[in-house]
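Down below is the structure, laid out as structure tokens.
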Amino acid sequence: MFSEEHKRKIGLANKGKVLSEELKKQLSKANKGKHFSPKTEFKKGLIPWNKGIIGYSTSLKGKTFEEEYGIERAKEMKRKMSESQKGKIPWWISEMIG
């Protein structure tokens, strides 16, 4: 209907305009129930993208580092994690400080 150039000019002309509460209510009422894109509508009979997905893998659930990686490797991993966190302020203290 409009060229891209014309759309851009309309957008620039309307930028920064403050709409009254009355006009906002009218626009809201006029647009209630409209579907602007078939992509956003509910599609009956389609399987949701997340059906059957469980939050996390259960293969490591309940296992310690030692059980999963072995004692020596677990010690090294724990040491590295400890070193990486030394000198840092915990998130809950930094929130209190502000």
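The values are calculated or read from the model by the stated rules, or taken from the named source; none is laboratory data. Here the structure is a predicted model, which means the values were calculated and not measured. Neighbour counts run over all protein chains shown; Cβ positions are idealised from the backbone, glycine included.
For region 12-69, the set of residues classified as touching a helix residue (DSSP H, G or I) at 6+ places or on another chain (Cβ under 8 Å) and basic (Lys, Arg) is empty. Condition first: in contact with a helix residue (DSSP H, G or I) (Cβ under 7 Å, 6 or more places away or on another chain), surrounded by 10 or more Cβ atoms within 10 Å (Cβ to Cβ) and of a type in the set (Lys, Arg). Can you find one or more residues in region 70-81 that meet it? Yes.
Can you tell me how many residues within region 37-63 are surrounded by 10 or more Cβ atoms within 10 Å (Cβ to Cβ) and modelled with pLDDT of 80 or more? Going through region 37-63 one residue at a time, the tally reaches 1. Kindly indicate whether any position in region 29-36 is over 31 Å from the mean Cα position of the chain (by Cα) and surrounded by fewer than 10 Cβ atoms within 10 Å (Cβ to Cβ). No: zero hits.
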